[in-house]
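K.L.:
Sending over a structure as structure tokens; questions will come in a sec.
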Amino acid sequence: MTYTSFASIDELQAALAEYAYIADRALTTAIFLALKLNKPLLLEGEAGVGKTEIAKTLARMQGRELIRLQCYEGLDVNTTIYEWNYARQMLQIRLLEAQGAAQNTAAHQSIFGPEFLIKRPLLQAIEARGDQPPILLIDELDRADEEFEAFLLELLSDWQISIPEIGTIRAETPPTVIITSNRTREVHDALKRRCLFYWVDYPTLDKEIQIVKARVPGASERLARQVVLVVQELRRMDLYKLPGVAETLDWVTALVALDQTELTPQAVEDTLGAILKYQDDIAQVRGQRLNELLKRASVGVP
């Protein structure tokens, strides 16, 4: 059985909405083209605006495996492609020695067989077989070193990996690749040329309210609107870390868990840690500033 495909942008947008991902037409078009052309999609934007969630939602929608590579400084072959299971190899060598076959060429080759290979995300994505290629999420590429980015160029071009002891492994059907970056550094132009690109911005007021309703259906209409209005005001302030959509959803979820149906000064004071993650930001918002925010957010709320 093949995975679900989409005949049009409108069909994809409606499917995303059914899975509680609210995407505007421009973003949906970028996703549609990435699927149709099987080109990597590079998503840049501030942390918490929903970049990673796109890959997760696509995997659920299409019934495909999601393979995630979380990037960080110092990524290497052992953590991204493969490494040998040295403990198992040593046990096999001792077994061969006990059998008097340790010097046998075939025995030597056997300890570098596929059964001793620990497959990391990139190799898992290439080796996938069948009519349902996985979705490969390369998350927060900007955190990785430029050396890893250079290796990724070759991989995205040829979709093959060479393992000296085994040979070259090629992808029968390349995975759908979603790459995210929070832009803590610039991604190299050579990699961008191999990808479709989309900048995921903070949502508009109406769109963010839609997102809250889709993701936290237990929230009252009044609470959802008040929270989004306050968050939009916070994003206009000079904070160390502006709240993303992820923080908006965390905040609404926390308030619903406290049985709140509307924002009150006390409720906001008690739950600021769900929306702001730095003490300096919390200190800046508390007190008189908080009351002003709530007053501005209450304008236009039924």
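K.L.:
If the requirement is being part of a loop (DSSP other than H, G, I, E, B) and at pLDDT 90 or above, which of these qualifies: R64, R68? Step through it out loud before you land on a result.
P.N.:
Values: R68 fails: part of a loop (DSSP other than H, G, I, E, B).
The conditions single out R64.
Rundown of residues vs (1) in a loop (DSSP other than H, G, I, E, B); (2) open to solvent by 10 Å² or more (accessible area, probe 1.4 Å); (3) touching a residue at least 60 places away in the same chain (Cβ under 8 Å); (4) more than 23 Å from D142 (Cα to Cα), yes/no style:
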position	(1), (2), (3), (4)
L12	no, no, no, yes
T28	no, no, no, yes
A55	no, no, yes, no
R60	no, yes, no, yes
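K.L.:
For region 149-165, name all the residues that are exposed (fewer than 14 other Cβ atoms within 10 Å of the Cβ) and not in a helix (DSSP H, G or I).
P.N.:
Q160, S162, P164, E165
K.L.:
Further question: Being part of a loop (DSSP other than H, G, I, E, B) and open to solvent by 50 Å² or more (accessible area, probe 1.4 Å) narrows it down to one residue among E262, E292; which is it?
P.N.:
Working: E292 fails: part of a loop (DSSP other than H, G, I, E, B).
Checking each option against the conditions leaves just E262.
Conditions (1) open to solvent by 20 Å² or more (accessible area, probe 1.4 Å); (2) modelled with pLDDT of 90 or more; (3) closer than 28 Å to L141 by Cβ; (4) outside any helix (DSSP H, G or I), marked per residue:
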| site | (1), (2), (3), (4) |
| --- | --- |
| Y198 | yes, yes, yes, yes |
| D201 | yes, yes, yes, yes |
| D206 | yes, yes, no, no |
| Q226 | no, yes, no, no |
| V230 | no, yes, no, no |
| A246 | yes, yes, yes, no |
| T253 | yes, yes, no, no |
| L276 | no, yes, yes, yes |
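K.L.:
Going through L223, L136 one at a time, which residue ends up being closer than 21 Å to C71 by Cβ, touching a residue at least 24 places away in the same chain (Cβ under 8 Å) and among the aliphatic types (A, V, I, L, M)? Even if it seems obvious, please write down each step before you answer.
P.N.:
Details: L223 fails: closer than 21 Å to C71 by Cβ.
Residue meeting the stated conditions: L136.
K.L.:
Among the residues of region 278-289, which ones are open to solvent by 70 Å² or more (accessible area, probe 1.4 Å) and either under 21 Å from V200 (Cβ atoms) or in a loop (DSSP other than H, G, I, E, B) (or both)?
P.N.:
Passing the criteria: Y278, R286.
K.L.:
Which of the residues spanning region 166-181 are touching a residue at least 12 places away in the same chain (Cβ under 8 Å) and open to solvent by less than 30 Å² (accessible area, probe 1.4 Å)? Explain how you work it out, then say what you get.
P.N.:
The first filter runs over region 166-181 and keeps only residues touching a residue at least 12 places away in the same chain (Cβ under 8 Å), leaving 166, 169-181.
Once the filter is applied, which keeps residues that are touching a residue at least 12 places away in the same chain (Cβ under 8 Å) and open to solvent by less than 30 Å² (accessible area, probe 1.4 Å), region 166-181 yields I169, A171, P175, T176, V177, I178, I179, T180, S181.
K.L.:
While we're here: Residue check, T271 against (1) touching a residue at least 40 places away in the same chain (Cβ under 8 Å); (2) in a helix (DSSP H, G or I); (3) of a type in the set (S, T, Y), all met but one. Which one?
P.N.:
T271 satisfies all of (1) touching a residue at least 40 places away in the same chain (Cβ under 8 Å); (2) in a helix (DSSP H, G or I); (3) of a type in the set (S, T, Y) except (1).
The values are calculated or read from the model by the stated rules, or taken from the named source; none is laboratory data. Everything numeric in this text was worked out from a predicted model, so none of it was measured. Please note: Cβ atoms are built from the backbone with ideal geometry, for glycine as well, and neighbour counts cover all protein chains shown. Calculation scope for accessible area: heavy atoms of the full protein, side chains included, ligands and nucleic acids excluded. Shrake-Rupley method; radii C 1.70, N 1.55, O 1.52, S 1.80 Å.
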